[in-house]
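K.L.:
Sharing a structure below in structure tokens format, with a few things to ask.
The values are calculated or read from the model by the stated rules, or taken from the named source; none is laboratory data. Just so it is clear, the structure is predicted and the values come from calculations on it, not from any experiment. Neighbour counts run over all protein chains shown; Cβ positions are idealised from the backbone, glycine included. The accessibility values were calculated without ligands, DNA or RNA, using every heavy atom of the protein model including side chains. Shrake-Rupley method; radii C 1.70, N 1.55, O 1.52, S 1.80 Å.
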2 protein chains.
Amino acid sequence: MVELSNTENQPGGAEAMDGELLSRAERRDQQIQRILDAAKTCFVRSGFQGASMQQICAEVGMSPGALYRYFPSKEAIVEAICEADRQDDMTCFGVLRGATSAAEGLVQAAMAHITHTSMKGSAPLFAEMRSESMRNEAVRATVDGHKGEVAAMIEPLLAEAIAQGEINPVVELPVLMAVLMSVGEGLAINDLPARGVPLDKLEIAFRAMVEGMLRPIKSTPAAE
Amino acid sequence: MVELSNTENQPGGAEAMDGELLSRAERRDQQIQRILDAAKTCFVRSGFQGASMQQICAEVGMSPGALYRYFPSKEAIVEAICEADRQDDMTCFGVLRGATSAAEGLVQAAMAHITHTSMKGSAPLFAEMRSESMRNEAVRATVDGHKGEVAAMIEPLLAEAIAQGEINPVVELPVLMAVLMSVGEGLAINDLPARGVPLDKLEIAFRAMVEGMLRPIKSTPAAE
DNA sequence: CAAATGAGAGCGAACGTTCGCTTTCTGCGG
DNA sequence: CCGCAGAAAGCGAACGTTCGCTCTCATTTG
């Protein structure tokens, strides 16, 4: 019975905060984005299963009926969030194109990944995705797809380094790939910048590791 | 009204499958273990929040009322599982004592950790713990406690290696520790043995990485 | 006016937990 | 040895709550 005359979020407002008029489609996209942002906040706070639709509705400032006009189910929101996070994360690996060397490309990509994850505070979401991917087919597909894309960018770099004898020949390419991808995940999940490890020192340590791993052991006599 | 004459799991059976007589306390401990095993199965299958008490009850073959005689809440079961898993995992790091070198100790410990996690199929549980630790205070304490114990075993090994000039001096000890712990986590969560990476090849690649990271770059001129 | 949009009440189901009651084990006086 | 009282253990219905989701209806837009 209480009349809430909330001037914001009225259905037909058709304008954003800056007063700009928006078309229906634009307004719809904007609402979808608001829902995704709010849902991400809730999922980071409580996990995919722990966050309820009511909490998400409260975070958006929207009723359940309204929210269900934009997403058919909670699962659909989860998938959209994972997909968006995945695409967002992919931007970190653009540095791999045009890398001067395999080692430097890996270092730059990893640092971009770590920095991006830390700054956006999405380490909890990433951990949640990783955990959910072990039982949720759609999330697993998203995660694996992302890893596949990253791997496809790293692999030619390493393959060329191998061809030029720049990598310790006892290490096989697929294994090297798997280890590097796992290492990147571990670093991203742990969010070391947030735990007091400065980015520059982290880069130094990571570079030492990568260069050490890739550097051919020239002093070793019998490589055959 | 239906009389279920289930000959198994009778309260006063006072004997295990092998017919051995058990005291009350022994039987109680045995029941607690059965509950933990069943709960772990459910948590791996559905996650901490996704698994219901009813599912756990069904898995144990016990009624809710009976189960609540052993644990006061679902949360208590989660904490007990995390604590047990943590203690179980600690056995992997015994190889650190008496390691011939820092690098070899790290390799052996990491391989033991990876093998243990993979063989026990506890990578999903580990991922779940890692995710839950970001919002659950008790789980976080357990995870951090575990990491602290492992770190306490690794640190003196690395400190001695540093003192003997066996580690690239540009890398600081705390940063090195943080990176190595993160790498170990990443490898454990990814469960590479289950994804087709043989343990021996994994060990070769990991050893190359660790030795490369620790090996001092003697050829580098200006170390100052 | 027809279509679109959103608020909010409400649905059945499932949740974690508790309750009343029965069965079984244990220790003890006889 | 027996019989019995109390503790321990278990059962399963039911609690109140919250879940994901749907429905109704008022309001706005083009």
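K.L.:
May I ask you to list pairs of residues, at least six apart or on different chains, whose Cβ atoms are under 7 Å apart, with the first in region B:52-73 being within 13 Å of B:L36 (Cα to Cα) and the second being open to solvent by 40 Å² or more (accessible area, probe 1.4 Å) and more than 6 Å from DNA strand D (Cβ to nearest atom)?
P.N.:
Hits for this filter: B:M53/B:K74; B:E59/B:T41; B:V60/B:R34; B:Y70/B:I32.
K.L.:
Can you find a residue in region A:19-37 that is open to solvent by 60 Å² or more (accessible area, probe 1.4 Å), more than 14 Å from DNA strand D (Cβ to nearest atom), modelled with pLDDT under 90 and over 24 Å from A:R135 (Cβ atoms)?
P.N.:
yes
K.L.:
Can you find a residue in region B:210-221 that is free of Cβ contacts under 8 Å to residues at least 40 places away in the same chain, surrounded by fewer than 22 Cβ atoms within 10 Å (Cβ to Cβ) and touching a Leu at 6+ places or on another chain (Cβ under 7 Å)?
P.N.:
Within region B:210-221 (the criterion being free of Cβ contacts under 8 Å to residues at least 40 places away in the same chain, surrounded by fewer than 22 Cβ atoms within 10 Å (Cβ to Cβ) and touching a Leu at 6+ places or on another chain (Cβ under 7 Å)), the answer is no, since none of the residues qualifies.
K.L.:
Also: Being assigned to a loop (DSSP other than H, G, I, E, B) and buried (at least 18 other Cβ atoms within 10 Å of the Cβ) is the filter here, so list the residues in region B:50-69 that pass it.
P.N.:
Passing the criteria: B:G50, B:A51, B:M62.
For (1) among the polar types (S, T, N, Q); (2) within 16 Å of DNA strand D (Cβ to nearest atom); (3) farther than 22 Å from A:E203 by Cα, each residue gets a yes or a no:
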residue	(1), (2), (3)
A:T91	yes, no, no
A:R97	no, no, no
A:S101	yes, no, no
A:T115	yes, no, no
A:E128	no, yes, yes
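K.L.:
Something else now. If I ask for residues that are within 12 Å of DNA strand D (Cβ to nearest atom) and small (G, A, S), which ones from region B:38-56 would you list?
P.N.:
B:G50, B:S52
K.L.:
Go through region A:158-192 and report how many residues are open to solvent by 30 Å² or more (accessible area, probe 1.4 Å), more than 7 Å from every other protein chain (Cβ to nearest Cβ), closer than 17 Å to B:K201 by Cα and more than 22 Å from the chain's Cα centre (by Cα).
P.N.:
Total satisfying the criteria: 4.
K.L.:
Which of the following residues is within 16 Å of DNA strand D (Cβ to nearest atom), modelled with pLDDT of 90 or more and outside any loop (DSSP other than H, G, I, E, B): B:I81, B:I77?
P.N.:
B:I77
K.L.:
Determine whether region A:77-100 contains at least one residue that is within 21 Å of the chain's Cα centre (by Cα), within 16 Å of DNA strand C (Cβ to nearest atom) and away from every other protein chain (no Cβ under 14 Å).
P.N.:
So far as region A:77-100 goes, yes, one or more of its residues are within 21 Å of the chain's Cα centre (by Cα), within 16 Å of DNA strand C (Cβ to nearest atom) and away from every other protein chain (no Cβ under 14 Å).
K.L.:
What's the total number of residues in region B:121-131 that are more than 7 Å from chain A (Cβ to nearest Cβ) and open to solvent by less than 20 Å² (accessible area, probe 1.4 Å)?
P.N.:
Of the residues in that region, 4 qualify.
K.L.:
Follow-up question, since we're still on this one. Test A:E155 against the criterion of being assigned to a loop (DSSP other than H, G, I, E, B), more than 12 Å from chain B (Cβ to nearest Cβ), surrounded by fewer than 20 Cβ atoms within 10 Å (Cβ to Cβ) and acidic (D, E), and give yes or no.
P.N.:
no
K.L.:
Just to be sure, is B:S118 within 14 Å of chain A (Cβ to nearest Cβ), within 15 Å of B:Q49 (Cα to Cα) and of a type in the set (S, T, N, Q)?
P.N.:
no
Results for (1) at pLDDT 95 or above; (2) of a type in the set (D, E); (3) under 17 Å from A:S101 (Cβ atoms), shown as yes or no for each residue.
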residue	(1), (2), (3)
A:A159	no, no, yes
A:G165	no, no, yes
A:E172	no, yes, no
A:L199	yes, no, no
A:M209	no, no, yes
A:I217	no, no, no
A:A222	no, no, no
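K.L.:
When the residues of region A:89-103 are filtered to those that are touching a residue at least 24 places away in the same chain (Cβ under 8 Å) and assigned to a helix (DSSP H, G or I), which remaining residue is most open to solvent (accessible area, probe 1.4 Å)?
P.N.:
For region A:89-103, the residue satisfying everything is A:T91.
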